[in-house]
Amino acid sequence: MPAETLLEAQRRRDRGAAAARLGHKLLDCAERDGAVRVAFTAEPAFCNPLGQVQGGFLSAMLEQAMFDSAHCAAGGGSDVALLELTVQFLAPARPGPILAEARVSRLGRSIAFLSGQLQDGGGTL
């Protein structure tokens with residue numbers, strides 16, 4: 001039987017209740033640059049009275065995707081802690097599928113620089 005792939009190992013990793021609540025599903029994982037694609041589900045309960053997904057939920061999705069990126073780039077053997085997160089909201093998100101893409105810009109021994117973006121089901125950034 002072939003050895004478990006990095007993607008399979010990363011899919012099995014416990015991400016906790018918050019990631020599960022966000023509907024986290026790791027789609028792709030590349031060790032070379034930590035490039036990941038992660039699917040989330042924005043539920044109506046995540047919305048403000050205008051029907052838009054609140055920014056905190058979107059930020060949590062982005063943060064989780066970037067954590068996945070760091071884990072993949074480190075070959076699955078690294079824990080990370082958030083030092084700073086800067087988010088720019090370009091358009092409102094509505095309930096439904098959200099696709100996150102993240103990658104490692106630079107990986108050091110104790111600090112990683114990561115970037116990511118979210119798109120709704122229609123491809124709007």
Taking region 68-90, which residues are in contact with a Leu (Cβ under 7 Å, 6 or more places away or on another chain) and more than 18 Å from Arg11 (Cα to Cα)?
Val87, Leu90
State whether the residues of region 95-105 include one that is of a type in the set (Gly, Ala, Ser), under 14 Å from the mean Cα position of the chain (by Cα) and part of a strand (DSSP E or B).
yes
The lone condition Gln52 fails out of (1) out of contact with any helix residue (DSSP H, G or I) (no Cβ under 8 Å at 6 or more places or on another chain); (2) over 26 Å from Thr124 (Cβ atoms) is (2)
Just give me the residues in region 86-116 being without any contact (Cβ under 8 Å) to a residue 24 or more places away in the chain and open to solvent by 60 Å² or more (accessible area, probe 1.4 Å), in sequence order.
Thr86, Gln88, Ser105, Arg106, Arg109, Ser110, Phe113
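The values are calculated or read from the model by the stated rules, or taken from the named source; none is laboratory data. If you're wondering where the values come from, they're calculated on a predicted model, not measured in any experiment. Cβ sites come from the backbone with ideal geometry, for glycine too, and all protein chains shown count toward neighbours. What goes into the accessible areas is simple: the full protein's heavy atoms, side chains included, and nothing from ligands, DNA or RNA. Shrake-Rupley method; radii C 1.70, N 1.55, O 1.52, S 1.80 Å.
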